[in-house]
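A.B. asks: Starting off with a structure, shown below.
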């Protein structure tokens, strides 16, 4: 290793190398600032008074902490309602998608039947379909359930399934046959093999698809503004959009609303940043 | 064992629920959209079959400005490929070469990707606000007040002002994909290069870059397809305005269906978006050198 180091970049004078590293770090920090500053600014203005926001202190740190913005947005906005709605919809979507796609992935990759390849290809093609292409037909088909949670849960499951299925299939097909065979010798039936052997083994992949499904359902906008318009069923994205109308001249509460709406995702990201990044990378590779 | 794995009833039980969802939510609506696109229909009165007239109208009816909308989405695609991707690539290569704080930077750059587009949109609306926005305030305080302007409300700047947040938001996504690819290059190759006396920059240009071409292709496809399908941020920021200066195919489709009740015409736009995406995916696949593996 020492020879390798000596032969490599160390041929440059030490001073120049230090300067290079310094410039690089300044560059990287600048990019970090650009990526973060709008979000930090959002936090700032959620804690400012109207006086600060409209002239006195637009860009800088808040002078005092105007927590009233937060109590206000909770008291007369519906932000709590939106958060509950988004949580319910995301949870049901994640559970149903995970369950349905795990079963399908198991049957397609582990069991022996003629059409398994065909089913795989069908799901694969499903990845290519943009939501736009189904918007109007779904709007017509879902008429009976429009303005309920189902109006969003059902299409979210449908659109989360293909990716979830592909990620889980990749994992399932790597499970050694011997595990299933020995379970079979012990007298397990096919449902027990699925529940006791396969599901525990693909738990990491289930975590991955849960994250992907959470992000897509939590942030989805086009279906959310089309299939729901009653205030009590709005999800966070649509709710935030309608807040703009209500508080047009009060940025403080809007900022507070934006911060509150971002917090669940940020908490999740802080706890699971590595897992979330690798999930999205894995999801992209399947796409 | 064999008998268990060929259990027809179990297979049906496992596959059918998921497949049913898929067929009802994606496949059938897809076919329906194709059929609607051949109709003249307002959703209330009886539809009439008009063949390919809607498609002809897309390109002959100058009032719709569909051509301009396609143009806008192609500009966005161009900006994504020639602005967003190079930035992401540089960041990915720098981070993958092992700088101090690698993990921190990667985590920070990625944050905008996971934040909801609506939040991002509301935020940038405040940044661009003509009187109290961050951008104009900064311009005024640095003596550049004649540059301060209503960024989203005038035709000349609206398009760029809408696209910049979109580019900004997804830099981290492409950075992550390219970084992951660069990291998966075998370390033996790097060491061999070091033994041969290669510098950091040479390693990046001659070793890492060729190895991540397949991922670069994936990124180009994502960037282009994402641009052609773009809707959310434009809908939030401008809804296609002012006077259609920021209209893209998806916003036109949305307003034709849900405000003008032109179900058939809007569906033709949806079909156009799908076909356009498929064609460009194939084209990009062809343009890139094929995977050596």
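The values are calculated or read from the model by the stated rules, or taken from the named source; none is laboratory data. Values in this document were obtained by computation on a predicted structure and should not be read as measured data. Cβ sites come from the backbone with ideal geometry, for glycine too, and all protein chains shown count toward neighbours.
Here is a yes/no grid of residues against (1) in contact with a helix residue (DSSP H, G or I) (Cβ under 6 Å, 6 or more places away or on another chain); (2) within 8 Å of chain A (Cβ to nearest Cβ); (3) surrounded by 22 or more Cβ atoms within 10 Å (Cβ to Cβ):
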| residue | (1), (2), (3) |
| --- | --- |
| B:84 | yes, no, yes |
| B:101 | no, yes, no |
| B:120 | yes, yes, yes |
| B:137 | no, yes, no |
| B:160 | no, no, no |
| B:178 | yes, no, yes |
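A.B. asks: Would you call residue B:230 assigned by TED's automatic domain parsing to the domain that holds residue B:270 and surrounded by 13 or more Cβ atoms within 10 Å (Cβ to Cβ)?
C.D. replies: The answer is yes for residue B:230.
A.B. asks: Follow-up question, since we're still on this one. Name the residues in the stretch A:235-277 that are outside any helix (DSSP H, G or I) and either surrounded by fewer than 23 Cβ atoms within 10 Å (Cβ to Cβ) or within 8 Å of another protein chain (Cβ to nearest Cβ) (or both), would you?
C.D. replies: A:247, A:248, A:249, A:250
A.B. asks: What do you reckon, is residue B:235 within 11 Å of another protein chain (Cβ to nearest Cβ) and touching a strand residue (DSSP E or B) at 6+ places or on another chain (Cβ under 8 Å)?
C.D. replies: So residue B:235 fails the test.
A.B. asks: So if I check each of A:168, A:152, which one is within 29 Å of residue B:272 (Cα to Cα), buried (at least 21 other Cβ atoms within 10 Å of the Cβ) and in contact with a helix residue (DSSP H, G or I) (Cβ under 8 Å, 6 or more places away or on another chain)?
C.D. replies: A:152
Let's see how each residue does on (1) within 8 Å of chain A (Cβ to nearest Cβ); (2) out of contact with any helix residue (DSSP H, G or I) (no Cβ under 6 Å at 6 or more places or on another chain):
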{"site": "B:8", "(1), (2)": "yes, yes"}
{"site": "B:14", "(1), (2)": "yes, no"}
{"site": "B:17", "(1), (2)": "yes, no"}
{"site": "B:21", "(1), (2)": "yes, no"}
{"site": "B:45", "(1), (2)": "no, yes"}
{"site": "B:53", "(1), (2)": "no, yes"}
{"site": "B:58", "(1), (2)": "no, no"}
{"site": "B:65", "(1), (2)": "no, yes"}
{"site": "B:91", "(1), (2)": "yes, no"}
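A.B. asks: Give the number of residues within the stretch A:75-86 that are part of a helix (DSSP H, G or I) and touching a residue at least 40 places away in the same chain (Cβ under 8 Å).
C.D. replies: Summing the residues that are part of a helix (DSSP H, G or I) and touching a residue at least 40 places away in the same chain (Cβ under 8 Å) in the stretch A:75-86 gives 6.
A.B. asks: Further, regarding this structure: Tally the residues that are without any contact (Cβ under 8 Å) to a residue 60 or more places away in the chain and in a helix (DSSP H, G or I), restricting the search to the stretch B:218-234.
C.D. replies: Matching residues across the stretch B:218-234 total 4.
A.B. asks: So for the stretch B:46-55 (the condition being under 27 Å from the mean Cα position of the chain (by Cα), over 30 Å from residue A:267 (Cα atoms) and assigned by TED's automatic domain parsing to the domain that holds residue B:215), does at least one residue qualify?
C.D. replies: Scanning the stretch B:46-55, I find at least one residue that is under 27 Å from the mean Cα position of the chain (by Cα), over 30 Å from residue A:267 (Cα atoms) and assigned by TED's automatic domain parsing to the domain that holds residue B:215, so the answer is yes.
A.B. asks: Criterion first (in contact with a helix residue (DSSP H, G or I) (Cβ under 9 Å, 6 or more places away or on another chain), surrounded by 22 or more Cβ atoms within 10 Å (Cβ to Cβ) and closer than 26 Å to residue B:81 by Cα) does residue B:204 satisfy it?
C.D. replies: Judged against the criteria, residue B:204 is not a match.
A.B. asks: From the list A:104, A:90, A:118, which one is crowded, with 21+ Cβ neighbours inside 10 Å, part of a helix (DSSP H, G or I) and either free of Cβ contacts under 8 Å to residues at least 12 places away in the same chain or away from chain B (no Cβ under 11 Å) (or both)?
C.D. replies: It is A:90.
A.B. asks: Does residue B:77 meet the test of being touching a residue at least 24 places away in the same chain (Cβ under 8 Å) and more than 14 Å from every other protein chain (Cβ to nearest Cβ)?
C.D. replies: In short, yes.
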